[in-house]
1. Classify chain A from the C-alpha gyration tensor, please: rounded if a/c falls under 1.5, else prolate or oblate depending on whether a/b exceeds b/c.
2. Return a whole-number percent for the relative contact order of chain A, with Cα pairs under 8 Å and 6 or more residues apart as the contact set.
3. What FRET efficiency, computed as 1/(1 + (r/R0)^6) with R0 = 35 Å and r the Cβ-Cβ distance, is obtained for B:LEU63 and B:GLN224, rounded to the nearest 0.05?
4. If Lys and Arg each add +1 and Asp and Glu each add -1, what is the summed charge of the other residues whose beta carbon sits under 12 Å from the beta carbon of B:VAL80?
5. Using amide H atoms built 1.01 Å from N in the peptide plane, name the residues 5+ places from B:VAL214, or on other chains, whose amide H lies under 5 Å from its own.
6. Check which residues have an amide H placed less than 5 Å from A:ALA95's amide H, if you skip close sequence neighbours.
7. Given the options B:ALA27, B:ALA220, B:ALA11, state which has the largest fluctuation in a GNM of chain B using a 10 Å cut-off (strictly under) for Cα springs.
8. Can you tell me what share of the DSSP beta bridges in region B:2-257 is antiparallel? A percent to the nearest 5 is fine.
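The values are calculated or read from the model by the stated rules, or taken from the named source; none is laboratory data. This is a predicted model, so every value here is computed, not measured. A quick note on method: Cβ atoms are made from the backbone with ideal geometry, for glycine too, and the neighbour counts reach across all protein chains shown. We work out accessible area using only protein heavy atoms, side chains counted, and drop any ligands, DNA or RNA first. Shrake-Rupley method; radii C 1.70, N 1.55, O 1.52, S 1.80 Å.
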Amino acid sequence: MPVSSEIPSRGLAVVLVAALVASALLALNSGATPASLWGLYASPEQDARALARDRAILLELRLPRVVASLLVGAATAVSGAVLQGLFRNALADPALLGIMSGAALGAGVVLLGAGQWGGLEVRLLGQIGAIAGAAAAFFLVWSLACRFAADRTQGLLLAGIAVNAAASAGTGLLTFLYSDSQLRTFVFWTLGGMGGVERAALPFLLAPTGIALWIALRQARALDCLALGEQTAFHLGVDLARTRRLLVGGSLLAVGASVAIVGPISFVGLVVPHVLRLTGAVRHARLLPLCALFGALAVLWADLLARILVRPQELPLGLVTAAFGAPTFAYLLWRRGKQA
Amino acid sequence: MLEASNLSFVAGGRTVLDRMSCAVRPATVLALVGPNGAGKTTVLRHLAGEIVPQSGGVRLDGLPLAAWPAETLARRRAVVSAQTIPGNWFRVSDLLDLATGETDAGAIDASPLAPSRRSALLAALDLSGSEAARLDRLSSGEQQRLRLVAALLQLGGDDLRGRYLLLDEPTSHQDPRHLRGIEVLLRAVREQGAGIVLSTHDLALAARLGDEAVLIHGGAFIAQGAPHEILTPTLLLETYGVPLAPLRDAAGRIAAFG
């Protein structure tokens, strides 16, 4: 990466924040119906019922999904950056390490028991199930990878493949146990989407995302040291076991919580950190906040596109992130291959 | 004092260390000498706290290394290992920031804690002006010298009493001029009170710099004492299997072994 291609992190952060604000406003004002923020105030002659309807659409439907998109995007991208840094593996991300599919299986089991995604208690149970599933999947991956004493980094990915396959088999099995309506709910949920997000669910996204980001930022120096190898990190004073526990814990919490509410979102955790590293943000104190901003922006746009491309229908969110993420990732691979 | 006592270490069925003991005191250089595969690196990794002893123990100021939190330990001992470190787009200044424990909150406009010491050390090892260079673009000699600078910054200021520097073949990639530079720097560091463990194949350097030398072979301790008592033709022939004797320059300094 030539020095000239570096972009000052602070400038980039300002641009991202501005883009986020503008995009959030745009997202609030776009959708299947023409309801808009300005409409609420600009046309006083509108009849009260239409106004109340527009108000409900904006505040109860669109606002929660905009906020949820921001939080899920930030959580996923930061988790991706954390896992890549922690395991010094460019391909580590919540999806490839089996965390997402483990979370999906965990939440799927809860859905089977609960009957339907209903009130808050069910959502919470789903989150707990998802976090437990994510944790189980990760510890399986980790124990398998530790058998690869020589190359744990590669072992993680291989174990991730195995655990992903097992978790998919598990979710496949669930589909036979579901009722028809559960099956429909489950299938839509596994494709990812902000459609069902209620306002009451937001704190359950905000808290885990906030905790994960806080932990990650506190461990930014440790992550920097780890970029220079585990041995060097230890020499520089990093308590490897503690750092691993904290960062993995934070990521599992954030990813599990988000998967339970909006389903698995692919490629954001993988691609966003890579794109930002290309701008020269390699120190984690810069990389992680930028990941939070850019991840939020990416998922916000993915959700916006999902809502407006086939209006009044809606595309699954995971489909949109994959449609943009996969080619971007392929481009990054191609670019890196050329440099090597 | 940093001391290893009765270290034994078996890896993959091979005995790497066999009841090996050594100690380094403040303001001294302990030279660790022996053939390839003798176990020098394994001793250093024990002294660094990287390997938990299978038997025997390592103590810093009387306290087992395992009892030292990693962060506290890092202010008392610094390591320059023999492997090159992966760069991962990090720059020279990044490594130096991390070594000085620069908090990440300040990383966006990193201002080094002790800019004078930092630039003085860089100048001493001919690295001035390299701060913006990427780690993986440095030559192996440059990276090696840089890591010595980072290790010294990690140990803190000018008073290095009670601090230990563990060096695994720190001159293996150096040309004669830079070798001299490192030797001068290490003498100064010893003056400031640091205890240095120097694992090396450069017997002349070990003889010139060592206050004490340990000769190991096959993981076992062969001899320990003042370098001129240890690096003798008899013991060296026994250890390396080739005839070796100190060659002195006009000033009477040991210039090489041959």
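1. Details: a/c = 2.01, a/b = 1.32, b/c = 1.52.
Oblate is the answer for chain A, as a/c is 1.5 or above yet b/c matches or exceeds a/b.
2. Details: 530 pairs, mean separation 103.7, N = 340.
Result for chain A is 30 percent.
3. Numbers: r = 23 Å, r/R0 = 0.67.
Given R0 = 35 Å and the Cβ-Cβ separation, E is 0.90.
4. Working: positive: B:ARG77, B:ARG145, B:ARG147; negative: B:ASP168, B:GLU169.
Here the count lands on +1.
5. Sorted by chain and number, the residues that satisfy this are B:ALA31, B:LEU32, B:VAL33.
6. Placed amide hydrogens put A:MET100 under 5 Å from A:ALA95.
7. Fluctuation is largest for B:ALA11.
8. Approximately 60 percent, going by the DSSP bridge assignments.
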